[in-house]
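Beneath this line is the structure, given in structure tokens, with notes to follow.
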Amino acid sequence: MPRYPSLNRPLEAAELRGLLEGCRTAILGLDQVDESVLSLPELELVVRFGSGVDNVDLRAAAEHGVRVANTPGANAPSVAELALGLMFVLGRGLTRMDRASRQGPWLRPTGFELGGRRLGLVGLGAVGALVAAKAEALGMEVVAYDPVAPPGRVRRVGLAELLETSQVVSIHCPLTAQTDGLIGHDELRSMPAGAVLVNTARERIVDEAALVRVLQDGHLAGAALDCLDQGSPEAESLAQLEQVVLTPHAGASTTDAIVRTGVAAVEEVLRYYDNQPLLNPVTYRPNDAGEMTA
């Protein structure tokens, strides 16, 4: 019989282990999947409801013979649309105008148009490619940094050039050892004065303490974050800044994305029980340089 968590939040490892005892397969979200979970003797397959696997200990999975799969691309349209929406919010100060219109006095902050500006994408996987196409339709010039994505129509540049020349920077890479802290103080300071940052990927890709500083001193005009290190002093500081827009990791929170991702996850489980190859297996590669694409 299927088992479902009773808590409406990602489970800690101890909570998840108790839930999965006796299970052969599991479809999981952002729950903590460490060795204590992966060492369960009956567990054979973990399918990630989404693309990121930074919450799964892939080395422990390999050591205990647990297969891992994910559902890349299933939620990409929803995440891409949120990223574009956040750019509009930053460009026109929509959240500030909403608060002022409700509370008074009415304010009309001078914003900027997206058309004609350069958008720099850090990561050009399923989400980044969709953001690029939609942004180009708005008249934006799009460049991308992704050392492993296959060649395409989006012009590639180095990370330094992307940051130094883009008025809008949007993060779309997975969290790996190589991308942890990728955008630090020097990188944020190298962005043009008045630029904005959007992060719908993972919070640790951007140094949040450094982001607070460059926002407080006015170097960046704003930031929109769909991911945040909740409970940290930096998160509290970011939440107090008027030019920061926060959403609760809601990129995939649409009916469309939930249905697509759920179907893809269940299909992987059914393929496993039918002894068919998994469509999206994730393997542990200790010598891998770390992929940017997501």
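The values are calculated or read from the model by the stated rules, or taken from the named source; none is laboratory data. If you're wondering where the values come from, they're calculated on a predicted model, not measured in any experiment. Every residue, glycine among them, receives a Cβ derived from its backbone with ideal geometry; neighbour counts consider all protein chains shown. Side chains included, ligands, DNA and RNA excluded: accessible areas come from the protein's heavy atoms. Shrake-Rupley method; radii C 1.70, N 1.55, O 1.52, S 1.80 Å.
State which residue is modelled with the lowest pLDDT when the search covers only segment 195-237 and only residues that are of a type in the set (A, V, I, L, M, F, W, C) and open to solvent by 20 Å² or more (accessible area, probe 1.4 Å).
Leu228
Okay, residues lined up against (1) crowded, with 16+ Cβ neighbours inside 10 Å; (2) touching a strand residue (DSSP E or B) at 6+ places or on another chain (Cβ under 9 Å); (3) polar (S, T, N, Q):
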{"position": "Val122", "(1), (2), (3)": "yes, yes, no"}
{"position": "Ala133", "(1), (2), (3)": "no, yes, no"}
{"position": "Glu141", "(1), (2), (3)": "yes, yes, no"}
{"position": "Tyr145", "(1), (2), (3)": "yes, yes, no"}
{"position": "Pro150", "(1), (2), (3)": "no, no, no"}
{"position": "Leu163", "(1), (2), (3)": "yes, yes, no"}
{"position": "Val169", "(1), (2), (3)": "yes, yes, no"}
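I'd like to know if segment 98-120 contains one or more residues that are surrounded by 23 or more Cβ atoms within 10 Å (Cβ to Cβ) and at pLDDT 95 or above.
Taking every residue of segment 98-120 in turn, at least one turns out to be surrounded by 23 or more Cβ atoms within 10 Å (Cβ to Cβ) and at pLDDT 95 or above.
How many of the residues in segment 238-273 are open to solvent by 60 Å² or more (accessible area, probe 1.4 Å), closer than 30 Å to Pro192 by Cβ and assigned to a helix (DSSP H, G or I)?
Of the residues in that region, 1 qualify.
Enumerate the strands (runs of 3 or more DSSP E) found wholly within segment 66-162, keeping only those where 3 or more residues are of a type in the set (A, V, I, L, M).
Per the criteria, 118-122, 141-145.
What are the residues in segment 175-188 that are assigned to a loop (DSSP other than H, G, I, E, B) and surrounded by 22 or more Cβ atoms within 10 Å (Cβ to Cβ), if any?
Thr179
Consider only pairs whose beta carbons are under 8 Å apart and that are at least six residues apart or on different chains; among these, list those whose first residue lies in segment 12-29 and is in contact (Cβ under 8 Å) with a residue 40 or more places away in the chain and farther than 10 Å from Glu42 by Cβ and whose second residue is assigned to a loop (DSSP other than H, G, I, E, B) and not charged (D, E, K, R).
Ile27/Phe49
Residue-wise test of (1) within 21 Å of the chain's Cα centre (by Cα); (2) closer than 18 Å to Leu82 by Cβ; (3) not hydroxyl-bearing (Ser, Thr, Tyr).
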| position | (1), (2), (3) |
| --- | --- |
| Gly116 | no, no, yes |
| Leu121 | yes, yes, yes |
| Leu124 | yes, yes, yes |
| Ala133 | yes, yes, yes |
| Ala137 | no, yes, yes |
| Glu141 | no, no, yes |
| Val148 | yes, no, yes |
| Cys173 | yes, yes, yes |
